[in-house]
Amino acid sequence: MDVTILEASHHVLAKVKISGGGRCNCTNSFEGINDLQSVYPRGHRLLKRLFKQFDYRDAYEWFESRGVKLVTQEDHCVFPQSQSSQTIIDLFLHETRRLGITIKTGTRINSLDELSAYDFIAITTGGMNKPQILNLRSAEGRLLPEGRKKPHTIVSPVPSLFTFTIEDQALRDLMGTVVEASVMIPGTKMRASGPLLITHWGMSGPCILRLSSYAARQLSENNYQLPLSVNWTSLKENEVQQELMTFCRQYPHKQLPSMRPFELPQRLWNYLLDKSLQGRAHAPWGSLNQKELNRLTNILINDTYQIAGRAPFKDEFVTCGGISLSAVNPSTLESKEHPNLYFAGEVLDIDGVTGGFNFQAAWTTAYAVATAISSACGQS
Ligand SMILES: Cc1cc2nc3c(=O)[nH]c(=O)nc-3n(C[C@H](O)[C@H](O)[C@H](O)COP(=O)(O)OP(=O)(O)OC[C@H]3O[C@@H](n4cnc5c(N)ncnc54)[C@H](O)[C@@H]3O)c2cc1C
């Protein structure tokens, strides 16, 4: 079988090169993940099925058996031991040479008609920020030019994995502060937990990125202007009240800023005291009345902000939306409308949170497509 890769730019694997801050977070150990939806807000059902063909263990084995040693970090992210994405690129290029695959760079495809010489076509054009072929992202949601068979269903693409702009100078002054927090969009079920980083533009960190992924479409529909509730303790209301009351009993004569509950960073604690107690932010713990305790509890568990916009996350950015999963065969990813036309990677309506999940989805879907095409060609 002759295989040709047609690449618009002058280098293949440009995104792998810059991925993971140049280290390429190539998969994840999936440890502790019981529900794939928590890491794949879109596409989890299809991936569950395709993981039977090729999952993270297969990806791990695929790299290691070809001489690329991997390391799994404490946060379950998997990187090449070399800590360089070039190692992954070198392996893919080596494999293409070994298998006699032709790579034609600088070859932008604008229409399926240009591919009529090929028996099978796999479209892997990536997310919305990349040049797209065949009117893939056009407003009408058509895959093919007018008049040529039926269009594919496109789920309109919107960005995922971004940070939030928050117009609150007092908060922004805490830039650099990291805290384990839970965040949610009030009135919805969308919530996420993990490290939250306060930045000079608002909020970032894994829990914000996760929430941006879960709420990608809602945020887009609301022009990135929605309320955000932060629980700085990740605890329940009664647990927070109890801890505050314990401090009142144990440190009645100590000033509030001098004793920090929940191991909150000092600057954040001062900020929350100012915000909830105003002129009483330096009062002794023992002097807090019930009303003040309630206000402090409320700010600790439900500190509300207005998201004022989307700020890019420099390390990872993916597209939510793409080729509808209902338009493809769930085992082979072949188009239901166009025989011998397949889709893999981010062009499909599959996307994950940060942590190597997006590459894993790309490896898995590519494997499914390659296997299907090989078997259609009568090869294994
Ligand atoms: C900065 C950054 C860092 C990231 N880091 C990670 C990470 O560490 N771990 C992780 O899991 N995910 C990461 N991601 C996400 C991950 O890179 C993508 O999910 C993944 O690259 C998708 O692979 P793909 O092959 O589907 O698309 P892409 O990697 O985008 O590749 C698509 C290719 O198609 C080419 N192309 C597009 N249109 C045409 C056309 N008309 N004709 C010919 N060629 C065309 C493009 O030039 C490109 O080379 C990161 C993303 C970004 C932006």
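The values are calculated or read from the model by the stated rules, or taken from the named source; none is laboratory data. The structure presented is a predicted model; accordingly, all values stated were derived computationally and were not measured. Note: ideal-geometry Cβ built from the backbone for every residue, glycine included; neighbour counts use all protein chains shown. These accessible areas exclude ligands, DNA and RNA; they are computed on the full protein's heavy atoms, side chains included. Shrake-Rupley method; radii C 1.70, N 1.55, O 1.52, S 1.80 Å.
Quick notes
- Which listed residue is crowded, with 16+ Cβ neighbours inside 10 Å, away from the ligand (no atom under 14 Å from the Cβ) and farther than 29 Å from F359 by Cα, from R295, R310: R295
- All positions within region 105-128 that are in contact with a strand residue (DSSP E or B) (Cβ under 8 Å, 6 or more places away or on another chain) and more than 15 Å from the ligand (Cβ to nearest atom): F120
- Number of the exception - R49 against (1) touching a residue at least 12 places away in the same chain (Cβ under 8 Å); (2) at negative phi; (3) away from the ligand (no atom under 16 Å from the Cβ); (4) not in a helix (DSSP H, G or I): (4)
- Selection within region 1-35 - of a type in the set (A, V, I, L, M, F, W, C), within 16 Å of the chain's Cα centre (by Cα) and open to solvent by 30 Å² or more (accessible area, probe 1.4 Å): I18, I33
- Only one of T87, T102 that is surrounded by 13 or more Cβ atoms within 10 Å (Cβ to Cβ) and within 15 Å of the ligand (Cβ to nearest atom): T87
- Where L70 falls short, out of the listed (1) within 15 Å of the ligand (Cβ to nearest atom); (2) under 27 Å from A327 (Cβ atoms); (3) not charged (D, E, K, R): (2)
- A single entry from I5, I18 fulfils the requirement of being within 11 Å of the ligand (Cβ to nearest atom) and under 19 Å from A361 (Cα atoms): I18.
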